[in-house]
Amino acid sequence: MSEPSGTPVSLGTLREALERAKERTSLRQVAAAVGLTPRGLSQFLRGSAPRASTLGKLHVWYLRHGAEVYALAVEMAAAALAFLLQGIREPARRLAVLNFVSFIEAIHREQETALPAWIESVRRRR
């Protein structure tokens, strides 16, 4: 199954995060948090292709709750940036991502903390 264009997080990543959340609580609780019916969430988890409105709900849930079930990963960072930069066209979008990553790097250097692993990966993705 091909990914919808412009998808900030792969469907596989969404499914995996939702499965982990379901294991921690229940299908009903996760469906309510996403804004779907339990049946709709179950269909998505079994592999059905989501509509655009459903995909939007899944991405919002992932950005809000994905860290609870996933360590902050490259895809989560990329998804957050894609969400924040909606409507910004290339090449300004790429420049905004690079500026954001540079800003985060500068804060870590100033604080003398380790750079998050996603920084370089997000930079190379763009």
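The values are calculated or read from the model by the stated rules, or taken from the named source; none is laboratory data. Computed from a predicted structure; not experimentally measured. Note that each Cβ is placed from the backbone with ideal geometry, even for glycine, and that neighbours are counted across all protein chains shown. Only protein heavy atoms, including side chains, enter the accessible area calculation; ligands, DNA and RNA are left aside. Shrake-Rupley method; radii C 1.70, N 1.55, O 1.52, S 1.80 Å.
Assorted remarks:
- Alpha carbon convex hull of region 22-70, volume per residue in cubic angstrom: 73 Å³
- Two-decimal Rg/Rh across the chain, once Rg and the Kirkwood Rh are taken from alpha-carbon atoms: 1.01
- Among 44, 100, the order of accessible area from largest down is 100, 44, computed with a 1.4 Å probe on protein heavy atoms.
- Value at 222 nm in deg cm²/dmol, rounded to 500, when DSSP H runs of n ≥ 4 in the chain each add -39,500 (n - 2.57): -21500 deg cm²/dmol
- Subtracting the Cα-Cα distance of residue 64 and residue 26 from 0.36 nm times their residue separation leaves 11.9 nm of extension gain.
- Comparing 92, 27, 49 along the charge dipole axis of the chain, the residue lying farthest to the positive side is 49, per the Cβ-charge model.
- Assuming charge only on the beta carbon of Lys and Arg (+1) and of Asp and Glu (-1), the dipole of the chain about its Cα centre is about 500 debye to the nearest 20.
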